[in-house]
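> This structure is in structure tokens; I'll ask about it shortly.
The values are calculated or read from the model by the stated rules, or taken from the named source; none is laboratory data. Keep in mind that this is a model prediction, so the values were computed, not measured. We place every Cβ from the backbone using ideal geometry, glycine too, and count neighbours over all the protein chains shown.
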């Protein structure tokens, strides 16, 4: 074992709070939890999926821990543990339009011809009818491109004729969009309480050329003064990310606004999200790399539509690679799912190392967050309190009956009750949290609030893992997650990682802590290796560095588990045994919980009486899950 020091804390009868000290007075940074990707009824697809009532105000009240009315079941619901911050990120495309049409608040453009007015009237009646008979998503599906694009054929997905949208029948809806945008801004400003709860203004740019998901969530730390000077940029204006970045640059210059854009669901991007070329098939140059780094310092690692860390086809030696896979493209009549390097975060980070070696700038140097992408207005990443992707799949009865997008085989049980964004910041304000986003001092979890600290450097004190002031020692002797390292001239020692992970105080114990490393060989090719660096129990590593599975206490008949396995805290001061001072590399930490019930098991147990006393677990999802946390990487450059 290559740990310098390893500490395991087991459950001994002391309360979790005796060990759980996520925020201590005088620490340089504190830990804040939030969701940076949530849709309300102002998103056209959320409304067409029967979320007619959950507004941004609903979303903020839920996030603060207040009871709200569920938009589909009409039951009173409430989050188990409130959030510290939230981004309402409704789609820019058709923002507020469906809601306005059905509620008859849409304002008619008086300059339309008689023919255009008649077409518009019939289009609105068609939409109202489809919504009234619960067939609203048919409208959405009809607008999706149907031709699939081979991501290796060199074609331009944006110029493909299958990507051409039909002529809009509803006319100019900018006034409707502006009204909705101002209502979203006003809600964010009303709920912003610096130091207590942070509401960010944001939206989603939803580029989907031929079903290749290139979506980004755009977030700004500014308030209404700046935000009311523009309308959100949508993929109906351009499907190229470069055009989004250009708009962000121009709008920032014009209004004084700040922005970041966060890619998500790279797992269904058909290889384009972290490709070796631009979307136009051009080589990535230094200008492209620097521009992307400027606007996209973060990537969404995990969410309801699956986990984007890696896949067993890309990481065959990783026994935890196939986690919450989501093999469904977002298009009508989709092609079969194919794994591509550009789809997954780990391989994207590796591609970034390789490109950085060639051109001197790494375009894929980003931090990691989790968020939900829920379209219910309810940020639910808790397995036992999961309310689905869309309103209609919030109940077991609706999960298989209503496919998420027509033409796919995805159901509500394919969805993952994930995830959350964890941020180390000085205080809970827009400015402080946004600064942490920019410096990438963030991490992702699949839902549990696992506390993780990681610092990398040389010469940490050996007592650091037992120190109360671990953060002070970490900052003074190294760099935190998201940071960059170069080798000090005075040492030839191996790099060290100081790591501490503490369980969710309301959740399951921890199984293990792993370090995921990637590096470049002399030929500029990347490699990866996973190290088990701290773990619970009396297990030991075998000759290959592998660790036996932790015990599984989940009762498949009741949906209950016990915390008799695992540890409440795992700490280590780990030194890379294969460090080469001349090789570019990155390291990130993955923390795994012990097995716990997945939301599919909770549904099966709840339906036991209907199933005549037998628990029938849906085939679309496993019964148990090993929830996890992923820290932002730390990069080493010779």
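> Determine whether residue 199 is closer than 26 Å to residue 252 by Cβ, surrounded by fewer than 22 Cβ atoms within 10 Å (Cβ to Cβ) and modelled with pLDDT of 70 or more.
no
> Here is a list: 68, 97, 88. Which entry is under 27 Å from residue 30 (Cα atoms) and in contact with a helix residue (DSSP H, G or I) (Cβ under 9 Å, 6 or more places away or on another chain)?
Being under 27 Å from residue 30 (Cα atoms) and in contact with a helix residue (DSSP H, G or I) (Cβ under 9 Å, 6 or more places away or on another chain) holds for just one of 68, 97, 88, which is 88.
> While we're on this one: Need the failing condition index for residue 445 against (1) modelled with pLDDT under 95; (2) out of contact with any helix residue (DSSP H, G or I) (no Cβ under 7 Å at 6 or more places or on another chain); (3) not assigned by TED's automatic domain parsing to the domain that holds residue 39, just the number.
(1)
> While we're on this one: Kindly indicate whether any position in region 575-582 is part of a strand (DSSP E or B), out of contact with any helix residue (DSSP H, G or I) (no Cβ under 6 Å at 6 or more places or on another chain) and in contact (Cβ under 8 Å) with a residue 24 or more places away in the chain.
Among the residues of region 575-582, at least one is part of a strand (DSSP E or B), out of contact with any helix residue (DSSP H, G or I) (no Cβ under 6 Å at 6 or more places or on another chain) and in contact (Cβ under 8 Å) with a residue 24 or more places away in the chain, which makes the answer yes.
> Would you tally the residues in region 533-560 being touching a strand residue (DSSP E or B) at 6+ places or on another chain (Cβ under 7 Å) and either outside any strand (DSSP E or B) or closer than 22 Å to residue 635 by Cβ (or both)?
9
> Output the residues belonging to region 622-638 that are under 24 Å from residue 549 (Cβ atoms) and crowded, with 22+ Cβ neighbours inside 10 Å.
625, 627, 628, 629, 630, 631
> Also, quick follow-up: Does region 220-242 include one or more residues that are part of a strand (DSSP E or B), buried (at least 24 other Cβ atoms within 10 Å of the Cβ), touching a residue at least 24 places away in the same chain (Cβ under 8 Å) and touching a strand residue (DSSP E or B) at 6+ places or on another chain (Cβ under 8 Å)?
yes
> Every residue in region 319-351 that is in a helix (DSSP H, G or I) and under 17 Å from the mean Cα position of the chain (by Cα), please.
Scanning region 319-351 gives 342, 343, 345, 346, 347, 348, 349.
> Still on this structure, I have one more. Among the residues that make up region 548-569, is at least one of them modelled with pLDDT of 95 or more, farther than 30 Å from residue 616 by Cβ, over 28 Å from the mean Cα position of the chain (by Cα) and surrounded by fewer than 17 Cβ atoms within 10 Å (Cβ to Cβ)?
yes
> While we're on this one: Using the structure shown, decide if residue 254 is closer than 22 Å to residue 239 by Cα, in contact (Cβ under 8 Å) with a residue 24 or more places away in the chain and out of contact with any strand residue (DSSP E or B) (no Cβ under 9 Å at 6 or more places or on another chain).
So residue 254 does not fit the description; no.
> Any idea which of 290, 294, 280 is farther than 24 Å from residue 625 by Cβ, modelled with pLDDT under 95 and either crowded, with 18+ Cβ neighbours inside 10 Å or assigned by TED's automatic domain parsing to the domain that holds residue 434 (or both)?
It is 280.
> Return the residues of region 401-427 that are under 19 Å from residue 37 (Cβ atoms) and modelled with pLDDT of 90 or more; say none if nothing qualifies.
412, 414, 415, 416, 417, 418, 419, 420, 421, 422, 423, 425
> Return the total of residues in region 600-633 being closer than 30 Å to residue 438 by Cβ and either assigned to a loop (DSSP other than H, G, I, E, B) or outside the structural domain of residue 498 (by TED's automatic domain parsing) (or both).
3
> Out of region 22-52, which residues are modelled with pLDDT of 95 or more, farther than 28 Å from residue 504 by Cβ and either part of a helix (DSSP H, G or I) or over 19 Å from the mean Cα position of the chain (by Cα) (or both)?
Passing the criteria: 41, 42.
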